[in-house]
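See below for the structure under consideration.
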Amino acid sequence: MTTGFPAAAQQALQDTQLRRNLGNATRTIREKRARAVAERPDWEALRAAGSAIKRRVLRHLDEYLLQFEAAVGAAGGTVHWARDAAEAGAVVAAIVRETGAREAVKVKSLTTDEIRLNESLAAAGIDVVETDLAELICQLAGEEPSHILVPAIHKNRVEIRDLFRRAFGRSDLSDDPNELADAARAHLREKFLRARVAISGANFAVAETGSVCVVESEGNGRFCTTLPDTLVTVVGIEKLVPTPEDLEVFLQLLPRSSTGERMNPYTTLWTGVTPGDGPQSFHVVLLDNGRTDVLGDEVGRPTLACIRCSACLNVCPVYARTGGHAYGSVYPGPIGAILTPQLRGVEEASTLPYASSLCGACYEVCPVMIDIPRVLVHLRARVVESGASARSERAAMRALAWTFGDDRRYRRAQKMGRLAGRPFAHDGLIARLPGLGAWTGTRDLRAVRRQTFREWWERR
Ligand code: SF4
(Lines give C-alpha, C1' and ligand atoms only; values in the text may rest on other atoms or scores of the structure.)
Protein backbone atom coordinates (compact mmCIF):
# COMPACT_ATOMS: atom_id res chain seq x y z
CA MET A 1 0.00 0.00 0.00
CA THR A 2 2.96 2.36 0.47
CA THR A 3 3.27 2.58 -3.31
CA GLY A 4 -0.32 1.38 -3.64
CA PHE A 5 -2.60 3.99 -5.10
CA PRO A 6 -0.32 5.71 -7.66
CA ALA A 7 0.79 2.41 -9.19
CA ALA A 8 -2.71 0.91 -9.22
CA ALA A 9 -4.21 4.13 -10.60
CA GLN A 10 -1.65 4.26 -13.38
CA GLN A 11 -2.57 0.73 -14.37
CA ALA A 12 -6.32 1.51 -14.28
CA LEU A 13 -5.80 4.60 -16.43
CA GLN A 14 -4.43 2.44 -19.26
CA ASP A 15 -7.81 0.73 -19.59
CA THR A 16 -9.82 2.95 -21.93
CA GLN A 17 -12.92 0.71 -21.73
CA LEU A 18 -12.90 1.02 -17.95
CA ARG A 19 -12.62 4.80 -18.16
CA ARG A 20 -15.48 4.95 -20.64
CA ASN A 21 -17.71 2.71 -18.45
CA LEU A 22 -16.89 4.78 -15.37
CA GLY A 23 -17.31 8.12 -17.10
CA ASN A 24 -20.77 7.22 -18.45
CA ALA A 25 -22.00 5.68 -15.20
CA THR A 26 -20.78 8.41 -12.83
CA ARG A 27 -22.07 11.18 -15.13
CA THR A 28 -25.55 9.61 -15.26
CA ILE A 29 -25.82 9.13 -11.48
CA ARG A 30 -24.34 12.57 -10.80
CA GLU A 31 -26.90 14.34 -12.99
CA LYS A 32 -29.77 12.29 -11.56
CA ARG A 33 -28.70 13.14 -8.02
CA ALA A 34 -28.43 16.84 -8.80
CA ARG A 35 -32.02 16.87 -10.17
CA ALA A 36 -33.39 14.91 -7.18
CA VAL A 37 -31.68 17.19 -4.67
CA ALA A 38 -32.80 20.37 -6.44
CA GLU A 39 -36.43 19.34 -5.88
CA ARG A 40 -36.03 19.78 -2.13
CA PRO A 41 -35.92 23.38 -0.92
CA ASP A 42 -35.08 22.07 2.56
CA TRP A 43 -32.13 19.97 1.39
CA GLU A 44 -29.54 21.91 3.40
CA ALA A 45 -31.71 21.65 6.52
CA LEU A 46 -31.99 17.89 5.98
CA ARG A 47 -28.22 17.62 5.63
CA ALA A 48 -27.73 19.61 8.83
CA ALA A 49 -30.22 17.35 10.64
CA GLY A 50 -28.49 14.19 9.39
CA SER A 51 -25.12 15.54 10.45
CA ALA A 52 -26.40 16.55 13.91
CA ILE A 53 -27.97 13.13 14.55
CA LYS A 54 -24.80 11.33 13.56
CA ARG A 55 -22.66 13.62 15.70
CA ARG A 56 -24.89 12.91 18.68
CA VAL A 57 -24.66 9.16 18.07
CA LEU A 58 -20.87 9.33 17.97
CA ARG A 59 -20.74 11.40 21.17
CA HIS A 60 -22.84 8.86 23.08
CA LEU A 61 -22.02 5.70 21.14
CA ASP A 62 -21.33 3.65 24.27
CA GLU A 63 -24.82 4.32 25.64
CA TYR A 64 -26.61 3.75 22.33
CA LEU A 65 -24.83 0.43 21.79
CA LEU A 66 -25.92 -0.91 25.17
CA GLN A 67 -29.45 0.34 24.58
CA PHE A 68 -29.49 -1.43 21.21
CA GLU A 69 -28.19 -4.69 22.73
CA ALA A 70 -30.91 -4.66 25.38
CA ALA A 71 -33.64 -3.91 22.81
CA VAL A 72 -32.52 -6.72 20.47
CA GLY A 73 -32.48 -9.16 23.41
CA ALA A 74 -35.94 -8.07 24.54
CA ALA A 75 -37.26 -8.68 21.01
CA GLY A 76 -35.91 -12.26 20.93
CA GLY A 77 -32.61 -11.70 19.13
CA THR A 78 -29.00 -12.17 20.26
CA VAL A 79 -26.20 -9.62 20.06
CA HIS A 80 -22.58 -10.70 19.61
CA TRP A 81 -19.63 -8.31 19.90
CA ALA A 82 -16.68 -8.65 17.53
CA ARG A 83 -13.44 -6.74 18.05
CA ASP A 84 -12.07 -7.53 14.59
CA ALA A 85 -12.56 -9.48 11.36
CA ALA A 86 -11.33 -12.76 12.86
CA GLU A 87 -13.77 -12.61 15.75
CA ALA A 88 -16.68 -11.66 13.51
CA GLY A 89 -15.85 -14.48 11.08
CA ALA A 90 -15.65 -17.02 13.92
CA VAL A 91 -19.00 -15.88 15.38
CA VAL A 92 -20.83 -16.11 12.04
CA ALA A 93 -19.25 -19.48 11.18
CA ALA A 94 -20.32 -20.91 14.57
CA ILE A 95 -23.91 -19.71 14.07
CA VAL A 96 -24.12 -21.21 10.58
CA ARG A 97 -22.52 -24.48 11.67
CA GLU A 98 -25.01 -24.84 14.51
CA THR A 99 -27.86 -24.87 11.99
CA GLY A 100 -26.19 -27.74 10.10
CA ALA A 101 -26.19 -25.66 6.88
CA ARG A 102 -23.21 -25.51 4.54
CA GLU A 103 -24.46 -22.64 2.42
CA ALA A 104 -25.76 -19.15 3.15
CA VAL A 105 -27.31 -16.45 0.99
CA LYS A 106 -26.03 -12.93 1.52
CA VAL A 107 -27.50 -9.56 0.77
CA LYS A 108 -25.07 -6.87 -0.28
CA SER A 109 -23.04 -5.82 2.71
CA LEU A 110 -19.92 -3.73 2.55
CA THR A 111 -19.16 -4.46 6.18
CA THR A 112 -18.94 -8.19 5.49
CA ASP A 113 -16.76 -7.44 2.45
CA GLU A 114 -14.52 -5.32 4.70
CA ILE A 115 -13.88 -8.29 7.00
CA ARG A 116 -13.66 -10.74 4.06
CA LEU A 117 -16.42 -12.84 5.55
CA ASN A 118 -16.93 -14.94 2.41
CA GLU A 119 -13.33 -16.10 2.59
CA SER A 120 -13.41 -16.93 6.30
CA LEU A 121 -16.68 -18.86 5.86
CA ALA A 122 -15.24 -20.69 2.86
CA ALA A 123 -12.31 -21.73 5.09
CA ALA A 124 -14.90 -23.12 7.52
CA GLY A 125 -16.53 -25.10 4.69
CA ILE A 126 -19.48 -22.75 4.19
CA ASP A 127 -20.37 -21.37 0.74
CA VAL A 128 -21.78 -17.88 0.49
CA VAL A 129 -23.95 -16.86 -2.45
CA GLU A 130 -24.13 -13.13 -3.18
CA THR A 131 -27.69 -12.18 -4.07
CA ASP A 132 -27.31 -8.55 -5.04
CA LEU A 133 -27.07 -8.60 -8.85
CA ALA A 134 -23.93 -6.48 -9.06
CA GLU A 135 -22.26 -8.35 -6.18
CA LEU A 136 -23.14 -11.61 -7.91
CA ILE A 137 -21.46 -10.33 -11.07
CA CYS A 138 -18.30 -9.52 -9.09
CA GLN A 139 -18.41 -12.88 -7.31
CA LEU A 140 -18.78 -14.81 -10.58
CA ALA A 141 -15.98 -12.77 -12.16
CA GLY A 142 -13.75 -13.31 -9.12
CA GLU A 143 -13.34 -9.55 -8.81
CA GLU A 144 -13.65 -7.05 -5.99
CA PRO A 145 -16.53 -4.56 -6.04
CA SER A 146 -15.44 -1.20 -7.46
CA HIS A 147 -18.21 1.12 -6.25
CA ILE A 148 -20.13 1.27 -2.97
CA LEU A 149 -23.53 1.29 -4.58
CA VAL A 150 -22.90 -0.11 -8.04
CA PRO A 151 -20.24 -2.73 -7.30
CA ALA A 152 -19.94 -3.76 -10.98
CA ILE A 153 -19.82 -0.20 -12.33
CA HIS A 154 -16.58 -1.08 -14.13
CA LYS A 155 -18.37 -3.62 -16.36
CA ASN A 156 -20.62 -2.96 -19.33
CA ARG A 157 -23.42 -5.25 -20.40
CA VAL A 158 -21.45 -7.03 -23.11
CA GLU A 159 -18.88 -8.03 -20.50
CA ILE A 160 -21.70 -9.16 -18.18
CA ARG A 161 -23.34 -11.17 -20.98
CA ASP A 162 -20.07 -13.02 -21.62
CA LEU A 163 -19.67 -13.70 -17.91
CA PHE A 164 -23.22 -15.07 -17.54
CA ARG A 165 -22.83 -17.20 -20.65
CA ARG A 166 -19.83 -18.87 -19.05
CA ALA A 167 -21.18 -19.06 -15.49
CA PHE A 168 -24.72 -20.26 -16.29
CA GLY A 169 -23.87 -22.26 -19.43
CA ARG A 170 -26.31 -20.09 -21.43
CA SER A 171 -24.74 -19.44 -24.83
CA ASP A 172 -28.13 -18.09 -26.03
CA LEU A 173 -28.01 -15.00 -23.78
CA SER A 174 -28.01 -11.58 -25.43
CA ASP A 175 -26.78 -8.35 -23.82
CA ASP A 176 -30.35 -7.14 -23.26
CA PRO A 177 -30.47 -5.97 -19.60
CA ASN A 178 -33.88 -7.61 -19.03
CA GLU A 179 -32.63 -10.94 -20.32
CA LEU A 180 -29.51 -10.71 -18.16
CA ALA A 181 -31.59 -9.86 -15.08
CA ASP A 182 -33.92 -12.82 -15.82
CA ALA A 183 -30.96 -15.18 -16.02
CA ALA A 184 -29.64 -13.94 -12.66
CA ARG A 185 -33.13 -14.16 -11.15
CA ALA A 186 -33.54 -17.81 -12.20
CA HIS A 187 -30.10 -18.62 -10.74
CA LEU A 188 -30.85 -16.88 -7.45
CA ARG A 189 -34.46 -17.95 -6.93
CA GLU A 190 -33.45 -21.54 -6.47
CA LYS A 191 -30.78 -20.49 -3.92
CA PHE A 192 -33.28 -18.43 -1.93
CA LEU A 193 -35.80 -21.25 -1.74
CA ARG A 194 -33.34 -23.74 -0.31
CA ALA A 195 -31.32 -21.40 1.95
CA ARG A 196 -31.61 -22.03 5.69
CA VAL A 197 -29.30 -19.21 6.70
CA ALA A 198 -29.02 -15.64 5.44
CA ILE A 199 -26.36 -13.05 6.16
CA SER A 200 -27.02 -9.37 5.82
CA GLY A 201 -25.48 -6.04 6.58
CA ALA A 202 -27.52 -3.07 7.73
CA ASN A 203 -27.75 0.54 6.65
CA PHE A 204 -29.08 1.57 10.04
CA ALA A 205 -29.72 0.03 13.45
CA VAL A 206 -32.19 1.71 15.82
CA ALA A 207 -30.98 1.88 19.42
CA GLU A 208 -34.40 2.44 20.98
CA THR A 209 -36.18 -0.53 19.37
CA GLY A 210 -33.38 -2.89 18.38
CA SER A 211 -34.60 -2.72 14.77
CA VAL A 212 -32.31 -3.21 11.82
CA CYS A 213 -32.85 -1.53 8.46
CA VAL A 214 -31.65 -2.55 5.00
CA VAL A 215 -32.09 -0.22 2.05
CA GLU A 216 -31.79 -1.81 -1.41
CA SER A 217 -33.27 -1.60 -4.86
CA GLU A 218 -33.76 -5.17 -6.07
CA GLY A 219 -35.84 -6.91 -3.42
CA ASN A 220 -33.26 -9.67 -3.06
CA GLY A 221 -32.45 -8.39 0.40
CA ARG A 222 -36.03 -8.94 1.42
CA PHE A 223 -35.84 -12.57 0.27
CA CYS A 224 -32.78 -12.94 2.48
CA THR A 225 -34.34 -11.36 5.53
CA THR A 226 -37.65 -13.23 5.34
CA LEU A 227 -37.23 -16.74 3.85
CA PRO A 228 -34.41 -18.48 5.81
CA ASP A 229 -34.86 -19.77 9.37
CA THR A 230 -31.73 -18.05 10.63
CA LEU A 231 -30.63 -14.51 9.94
CA VAL A 232 -27.24 -13.09 10.91
CA THR A 233 -26.80 -9.34 10.52
CA VAL A 234 -23.29 -7.89 10.67
CA VAL A 235 -23.33 -4.21 11.64
CA GLY A 236 -20.52 -1.73 12.15
CA ILE A 237 -20.95 -0.06 15.54
CA GLU A 238 -21.27 3.35 13.90
CA LYS A 239 -24.51 2.45 12.09
CA LEU A 240 -26.77 3.28 15.03
CA VAL A 241 -29.45 5.93 15.05
CA PRO A 242 -31.19 6.79 18.32
CA THR A 243 -34.90 6.40 17.41
CA PRO A 244 -37.17 5.35 14.51
CA GLU A 245 -37.99 9.05 14.01
CA ASP A 246 -34.33 9.72 13.21
CA LEU A 247 -34.55 7.20 10.39
CA GLU A 248 -36.96 9.54 8.65
CA VAL A 249 -34.14 12.00 7.98
CA PHE A 250 -31.78 9.37 6.56
CA LEU A 251 -34.42 7.67 4.44
CA GLN A 252 -34.84 11.00 2.66
CA LEU A 253 -31.13 11.79 2.40
CA LEU A 254 -29.92 8.38 1.28
CA PRO A 255 -31.93 7.60 -1.91
CA ARG A 256 -31.53 11.09 -3.36
CA SER A 257 -27.79 11.09 -2.66
CA SER A 258 -27.10 7.58 -3.87
CA THR A 259 -29.31 6.70 -6.83
CA GLY A 260 -30.96 10.07 -7.36
CA GLU A 261 -34.37 8.62 -6.47
CA ARG A 262 -37.01 10.33 -4.34
CA MET A 263 -37.69 7.16 -2.43
CA ASN A 264 -35.89 3.90 -2.05
CA PRO A 265 -37.58 0.90 -3.77
CA TYR A 266 -37.11 -1.66 -0.94
CA THR A 267 -36.66 -0.52 2.64
CA THR A 268 -36.79 -3.49 5.01
CA LEU A 269 -36.97 -3.12 8.78
CA TRP A 270 -37.04 -6.02 11.19
CA THR A 271 -37.03 -6.30 14.95
CA GLY A 272 -36.09 -9.49 16.77
CA VAL A 273 -38.14 -12.63 16.21
CA THR A 274 -41.86 -12.94 15.46
CA PRO A 275 -43.19 -16.50 15.98
CA GLY A 276 -44.37 -18.02 12.71
CA ASP A 277 -43.19 -15.08 10.61
CA GLY A 278 -39.72 -14.74 9.11
CA PRO A 279 -36.44 -16.02 10.61
CA GLN A 280 -36.95 -17.70 13.98
CA SER A 281 -33.34 -17.24 15.00
CA PHE A 282 -31.90 -13.72 14.73
CA HIS A 283 -28.34 -12.65 15.50
CA VAL A 284 -26.64 -9.28 15.29
CA VAL A 285 -22.85 -9.10 15.19
CA LEU A 286 -21.68 -5.65 16.30
CA LEU A 287 -18.33 -5.04 14.65
CA ASP A 288 -15.56 -2.73 15.79
CA ASN A 289 -12.60 -3.57 13.51
CA GLY A 290 -10.79 -0.27 14.08
CA ARG A 291 -13.83 1.96 14.53
CA THR A 292 -13.12 2.87 18.16
CA ASP A 293 -9.70 4.15 17.04
CA VAL A 294 -11.44 6.40 14.51
CA LEU A 295 -13.81 7.54 17.24
CA GLY A 296 -10.83 8.50 19.39
CA ASP A 297 -9.44 10.88 16.77
CA GLU A 298 -11.34 14.15 16.96
CA VAL A 299 -10.61 15.22 13.36
CA GLY A 300 -11.10 11.77 11.86
CA ARG A 301 -14.24 10.97 13.89
CA PRO A 302 -16.81 12.45 11.45
CA THR A 303 -15.77 9.71 8.99
CA LEU A 304 -17.95 7.39 11.07
CA ALA A 305 -21.02 9.44 10.16
CA CYS A 306 -20.89 8.11 6.58
CA ILE A 307 -24.12 6.51 5.37
CA ARG A 308 -22.39 4.92 2.33
CA CYS A 309 -24.47 6.80 -0.23
CA SER A 310 -21.54 7.01 -2.69
CA ALA A 311 -22.33 10.58 -3.78
CA CYS A 312 -18.72 11.55 -3.09
CA LEU A 313 -17.48 8.86 -5.48
CA ASN A 314 -19.62 10.07 -8.35
CA VAL A 315 -18.36 13.66 -8.15
CA CYS A 316 -14.72 12.83 -7.52
CA PRO A 317 -12.50 13.57 -10.55
CA VAL A 318 -9.96 11.04 -9.31
CA TYR A 319 -12.43 8.18 -8.78
CA ALA A 320 -14.17 8.86 -12.11
CA ARG A 321 -10.92 8.10 -13.91
CA THR A 322 -9.29 5.37 -11.85
CA GLY A 323 -12.33 3.43 -10.64
CA GLY A 324 -12.58 1.65 -7.31
CA HIS A 325 -10.01 -1.14 -7.60
CA ALA A 326 -7.11 1.32 -7.45
CA TYR A 327 -8.04 2.12 -3.83
CA GLY A 328 -7.17 -1.45 -2.75
CA SER A 329 -10.14 -1.59 -0.40
CA VAL A 330 -13.88 -2.22 -0.42
CA TYR A 331 -14.25 1.48 0.35
CA PRO A 332 -13.23 3.39 -2.78
CA GLY A 333 -13.33 7.07 -3.69
CA PRO A 334 -13.07 9.96 -1.24
CA ILE A 335 -14.71 8.08 1.63
CA GLY A 336 -12.29 5.19 1.07
CA ALA A 337 -9.36 7.60 1.02
CA ILE A 338 -10.22 8.66 4.58
CA LEU A 339 -11.82 5.52 6.01
CA THR A 340 -9.34 2.83 4.95
CA PRO A 341 -6.21 4.53 6.38
CA GLN A 342 -8.04 5.04 9.66
CA LEU A 343 -9.33 1.48 9.89
CA ARG A 344 -6.07 -0.17 8.79
CA GLY A 345 -3.61 2.42 10.08
CA VAL A 346 -1.92 5.15 8.03
CA GLU A 347 1.24 3.08 7.59
CA GLU A 348 -0.81 0.39 5.82
CA ALA A 349 -2.59 2.80 3.47
CA SER A 350 -0.21 5.75 3.33
CA THR A 351 -0.92 6.69 -0.30
CA LEU A 352 -4.70 6.93 -0.01
CA PRO A 353 -4.91 10.34 1.70
CA TYR A 354 -3.11 11.68 -1.38
CA ALA A 355 -5.64 10.16 -3.81
CA SER A 356 -7.46 13.47 -4.04
CA SER A 357 -7.09 16.87 -5.64
CA LEU A 358 -8.71 18.43 -2.53
CA CYS A 359 -11.22 20.13 -4.83
CA GLY A 360 -13.93 19.82 -2.18
CA ALA A 361 -16.67 18.42 -4.46
CA CYS A 362 -17.10 15.47 -2.08
CA TYR A 363 -17.82 17.76 0.87
CA GLU A 364 -20.40 19.71 -1.12
CA VAL A 365 -22.49 16.64 -1.92
CA CYS A 366 -22.07 14.67 1.29
CA PRO A 367 -25.55 14.29 2.85
CA VAL A 368 -24.10 14.23 6.37
CA MET A 369 -21.62 17.06 5.75
CA ILE A 370 -18.39 15.15 6.33
CA ASP A 371 -15.55 17.57 5.66
CA ILE A 372 -13.55 15.02 3.68
CA PRO A 373 -10.80 17.47 2.52
CA ARG A 374 -10.10 18.41 6.14
CA VAL A 375 -9.75 14.76 7.14
CA LEU A 376 -7.54 14.11 4.10
CA VAL A 377 -5.14 16.88 5.09
CA HIS A 378 -5.15 15.64 8.69
CA LEU A 379 -4.32 12.11 7.50
CA ARG A 380 -1.53 13.40 5.26
CA ALA A 381 0.01 14.97 8.36
CA ARG A 382 -0.32 11.65 10.17
CA VAL A 383 1.37 9.85 7.26
CA VAL A 384 4.31 12.26 7.47
CA GLU A 385 4.50 11.95 11.27
CA SER A 386 4.44 8.17 11.03
CA GLY A 387 7.45 8.23 8.71
CA ALA A 388 5.48 6.35 6.03
CA SER A 389 5.87 9.10 3.42
CA ALA A 390 8.51 8.70 0.69
CA ARG A 391 12.11 9.25 1.81
CA SER A 392 12.69 11.70 -1.05
CA GLU A 393 9.64 13.71 0.02
CA ARG A 394 10.82 13.88 3.62
CA ALA A 395 14.28 15.00 2.46
CA ALA A 396 12.72 17.65 0.19
CA MET A 397 10.57 18.98 3.05
CA ARG A 398 13.58 19.17 5.37
CA ALA A 399 15.53 21.07 2.72
CA LEU A 400 12.60 23.45 2.22
CA ALA A 401 12.26 24.05 5.94
CA TRP A 402 15.99 24.84 6.14
CA THR A 403 15.74 27.23 3.19
CA PHE A 404 12.60 29.01 4.40
CA GLY A 405 14.03 29.30 7.90
CA ASP A 406 16.46 32.09 7.00
CA ASP A 407 15.88 35.18 4.87
CA ARG A 408 19.32 35.17 3.21
CA ARG A 409 19.09 31.48 2.37
CA TYR A 410 15.63 32.05 0.93
CA ARG A 411 16.81 34.93 -1.32
CA ARG A 412 19.79 32.91 -2.53
CA ALA A 413 17.49 29.98 -3.36
CA GLN A 414 15.25 32.30 -5.38
CA LYS A 415 18.19 33.53 -7.41
CA MET A 416 19.43 29.99 -8.01
CA GLY A 417 15.93 28.81 -8.95
CA ARG A 418 15.61 31.65 -11.46
CA LEU A 419 18.93 30.77 -13.10
CA ALA A 420 18.32 27.01 -13.07
CA GLY A 421 14.81 27.27 -14.46
CA ARG A 422 15.54 29.85 -17.19
CA PRO A 423 16.59 27.35 -19.93
CA PHE A 424 13.38 25.35 -19.39
CA ALA A 425 10.86 28.18 -18.94
CA HIS A 426 8.39 29.07 -21.62
CA ASP A 427 5.78 31.81 -21.09
CA GLY A 428 6.49 31.74 -17.37
CA LEU A 429 5.88 27.99 -17.06
CA ILE A 430 8.20 25.01 -16.90
CA ALA A 431 6.68 21.94 -18.56
CA ARG A 432 9.68 19.65 -18.00
CA LEU A 433 12.45 19.87 -15.46
CA PRO A 434 15.11 17.18 -14.96
CA GLY A 435 14.95 15.86 -11.38
CA LEU A 436 11.36 17.03 -10.90
CA GLY A 437 9.80 14.70 -13.46
CA ALA A 438 7.22 13.34 -11.00
CA TRP A 439 5.86 16.87 -10.64
CA THR A 440 6.20 18.20 -14.17
CA GLY A 441 5.01 14.92 -15.71
CA THR A 442 1.44 15.79 -14.71
CA ARG A 443 1.48 19.58 -14.26
CA ASP A 444 3.47 22.65 -15.12
CA LEU A 445 5.77 24.35 -12.67
CA ARG A 446 5.65 28.13 -12.44
CA ALA A 447 9.07 29.64 -13.20
CA VAL A 448 10.62 31.96 -10.60
CA ARG A 449 9.82 35.57 -11.59
CA ARG A 450 12.47 37.80 -13.16
CA GLN A 451 12.07 40.09 -10.20
CA THR A 452 10.64 39.32 -6.78
CA PHE A 453 8.44 41.79 -4.91
CA ARG A 454 11.24 42.53 -2.47
CA GLU A 455 13.69 43.30 -5.29
CA TRP A 456 11.15 45.57 -6.94
CA TRP A 457 10.50 47.32 -3.61
CA GLU A 458 14.18 47.80 -2.80
CA ARG A 459 14.83 49.34 -6.21
CA ARG A 460 12.11 51.94 -5.64
S1 SF4 B 1 -18.71 10.34 2.80
FE2 SF4 B 1 -20.70 11.35 2.54
S3 SF4 B 1 -20.98 11.40 0.31
FE4 SF4 B 1 -19.36 9.87 0.70
S5 SF4 B 1 -20.40 7.90 0.86
FE6 SF4 B 1 -20.26 8.72 2.94
S7 SF4 B 1 -22.17 9.84 3.27
FE8 SF4 B 1 -21.98 9.53 1.07
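Please give the contour-minus-distance gain from R321 to L358: 0.36 nm per residue of separation, less the Cα-Cα distance, rounded to one decimal in nm.
Going from the current span to full extension adds 11.8 nm.
Testing the spin-label approximation: label points 7 Å from Cα along Cα→Cβ at D427 and R55. State their distance in nm.
According to this spin-label approximation, the distance is 4.6 nm.
Quick check: at a probe of 1.4 Å, how many percent of the accessible area of the chain sits on carbon and sulfur atoms?
Here it works out to 52 percent.
If packing is taken as the average number of other Cβ atoms within 10 Å across a peptide's residues, how do 407-419, 11-23, 203-215, 377-389 rank, most packed first?
203-215, 377-389, 11-23, 407-419
How do 181-188, 318-325 rank on mean C-beta neighbours within 10 Å, highest first?
Result, highest mean first: 318-325, 181-188.
Using alpha carbons only, how many degrees (0 to 90, rounded to 10) separate the axis of helix 157-168 from the longest principal axis of the chain?
In the chain, helix 157-168 runs at an angle near 40 degrees to the longest axis.
Helix 85-99 versus the longest principal axis of the chain: what angle, 0 to 90°, nearest 10, using Cα atoms?
The angle comes out at about 10 degrees.
For the chain, which cysteines have no second Cys with its Cβ under 4.7 Å from theirs?
If one checks each Cβ against the other cysteines of the chain, C138, C213, C224, C306, C309, C316, C359, C366 turn up with nothing under 4.7 Å.
How high is the relative contact order of the range 40-289, in percent, with contacts defined as C-alpha pairs under 8 Å that are six or more residues apart?
28 percent.
I'd like the Karplus ³J(HN,Hα) series for the range 362-378: coefficients 6.51, -1.76, 1.60, θ = phi - 60°, whole numbers in Hz, and an x wherever there's a Gly or Pro.
My calculation for the range 362-378 gives 5, 5, 5, 9, 4, x, 10, 6, 6, 7, 4, x, 5, 5, 4, 5, 4 Hz in order.
For the range 31-51 and the range 239-264, compute the distance between their C-alpha centroids and round to whole Å.
Value for the Cα centre distance between the two parts: 11 Å.
How big is the dipole moment of the chain about its Cα centre under a simple scheme where the beta carbon of each Lys and Arg is +1, that of each Asp and Glu is -1, and everything else is neutral? Debye, nearest 20, please.
Approximately 2880 debye in magnitude.
Tell me which of A396, A38, T209 sits at the most positive position along the dipole axis of the chain, charges placed on C-beta atoms (Lys, Arg +1; Asp, Glu -1).
A396
Around F404, under 13 Å between beta carbons, what's the net of Lys plus Arg minus Asp minus Glu among the other residues?
+3
Select from H426, V448, M416 the residue farthest towards the positive end of the dipole of the range 391-459; place +1 on Cβ of Lys and Arg, -1 on Cβ of Asp and Glu, and compute about the Cα centre.
M416
Suppose the chain between R83 and R459 were pulled fully straight at 0.36 nm per residue; how much longer would it get relative to their current alpha carbon spacing?
Taking R83 through R459 to full extension adds about 128.6 nm, to one decimal.
Work out the FRET efficiency for T226 and Q14 from their Cβ-Cβ distance, taking R0 = 45 Å, and round it to the nearest 0.05.
Efficiency, from the Cβ-Cβ distance: 0.50.
For the range 40-289, what D do you get in µm² per second when you plug the Kirkwood radius from alpha-carbon pairs into Stokes-Einstein at 20 °C and 1.002 mPa s?
114 µm²/s
Based on DSSP H runs of at least 4 residues, each adding -39500 (n - 2.57), what is the mean residue ellipticity at 222 nm of the chain after dividing by all its residues, to the nearest 500 deg cm²/dmol?
Calculated at 222 nm, the ellipticity per residue is -15500 deg cm²/dmol.
Find which of H187, S310, G323 sits farthest along the positive direction of the dipole of the chain, computed with +1 on the beta-carbon of Lys and Arg, -1 on that of Asp and Glu, about the Cα centre.
It is G323, whose Cα lies furthest towards the positive end.
For the chain, what does the accessible surface come to per residue with a 1.4 Å probe? Please give it in Å².
Per residue, the chain has 48 Å² of solvent-accessible surface.
How large is the convex hull of the Cα atoms of the chain per residue, expressed in Å³ as a whole number?
178 Å³
Over the chain, what is the mean sequence separation of C-alpha contacts under 8 Å (at least six apart), divided by residue count, expressed as relative contact order in percent?
Answer for the chain is 20 percent.
Add +1 for every Lys or Arg and -1 for every Asp or Glu among the other residues with Cβ under 11 Å from the Cβ of G328, and state the total.
Every neighbour counted, the sum reads -1.
At Y266 and A401, where each label point lies 7 Å from the Cα along Cα→Cβ, what is the point-to-point distance in nanometres?
Calculated label separation equals 5.5 nm.
Pairs of alpha-carbon atoms within less than 8 angstrom and 6+ residues apart define the contacts here; what relative contact order does the range 93-207 have, in percent?
Relative contact order here is 34 percent.
How much FRET efficiency would the formula 1/(1 + (r/R0)^6) give for E245 and D297, where r is the Cβ-Cβ distance and R0 is 30 Å, rounded to 0.05?
0.50
If R0 is 35 Å, what FRET efficiency do you get for R157 and E208 from their C-beta distance, rounded to 0.05?
Once rounded, the FRET efficiency stands at 0.20.
The values are calculated or read from the model by the stated rules, or taken from the named source; none is laboratory data. This is a predicted model, so every value here is computed, not measured. Don't worry about glycine lacking a Cβ; one is built from the backbone with ideal geometry, like all the others, and counts go over all protein chains shown. These accessible areas exclude ligands, DNA and RNA; they are computed on the full protein's heavy atoms, side chains included. Shrake-Rupley method; radii C 1.70, N 1.55, O 1.52, S 1.80 Å.
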